[in-house]
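Visitor: Got a structure for you, written out below as structure tokens; questions coming shortly.
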Amino acid sequence: MNINLEKDGIIEASAGTGKTYTIQETVKEILSLGKAKTEEILILTFTEKATIELKKRIKERFRKRY
């Protein structure tokens with residue numbers, strides 16, 4: 001999935017299609033390119049479980065990198 005980082009983006013798909021991975025990689029790219037700071041990024045999920053999983057994956061991704 002290719003998301004234009006110059007615009008708002010929406011990721012909508014069924015379970016198990018890679019939404020969390022796509023969000024994680026998009027956030028990584030946004031931060032790496034200096035397009036936004038962490039406090040300027042809004043990610044909306046519809047379950048607490050999804051929020052916890054996404055937060056965990058993003059933190060792990062950046063711990064490995066730095």
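The values are calculated or read from the model by the stated rules, or taken from the named source; none is laboratory data. Just so we're clear, the structure is a prediction, and the values are computed from it rather than from any experiment. As a convention, Cβ positions derive from the backbone with ideal geometry for all residues, glycine included, and neighbour counts pool all protein chains shown. Just so you know, the surface numbers come from the protein's heavy atoms only, side chains and all, with ligands and any DNA or RNA stripped out. Shrake-Rupley method; radii C 1.70, N 1.55, O 1.52, S 1.80 Å.
Visitor: Would you confirm, using the coordinates I've provided, whether residue 55 is open to solvent by 50 Å² or more (accessible area, probe 1.4 Å), charged (D, E, K, R) and in a loop (DSSP other than H, G, I, E, B)?
Guide: Answer is no for this residue.
Visitor: Going through the range 13-27 one residue at a time, which ones are open to solvent by 50 Å² or more (accessible area, probe 1.4 Å) and under 19 Å from residue 64 (Cα atoms)?
Guide: 21, the sole residue that qualifies.
For (1) modelled with pLDDT of 85 or more; (2) more than 10 Å from the chain's Cα centre (by Cα), each residue gets a yes or a no:
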{"site": "8", "(1), (2)": "no, yes"}
{"site": "13", "(1), (2)": "no, yes"}
{"site": "32", "(1), (2)": "yes, yes"}
{"site": "41", "(1), (2)": "yes, no"}
{"site": "45", "(1), (2)": "no, yes"}
{"site": "48", "(1), (2)": "yes, yes"}
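Visitor: Right, something else. State all residues of the range 1-50 that are of a type in the set (Phe, Trp, Tyr) and either assigned to a loop (DSSP other than H, G, I, E, B) or touching an Asp or Glu at 6+ places or on another chain (Cβ under 9 Å) (or both); if no residue qualifies, say none.
Guide: Passing the criteria: only 46.
Visitor: For residue 10, work out the one condition from (1) in contact (Cβ under 8 Å) with a residue 12 or more places away in the chain; (2) open to solvent by 80 Å² or more (accessible area, probe 1.4 Å) it doesn't fulfil.
Guide: Only one criterion is unmet by residue 10, namely (1).
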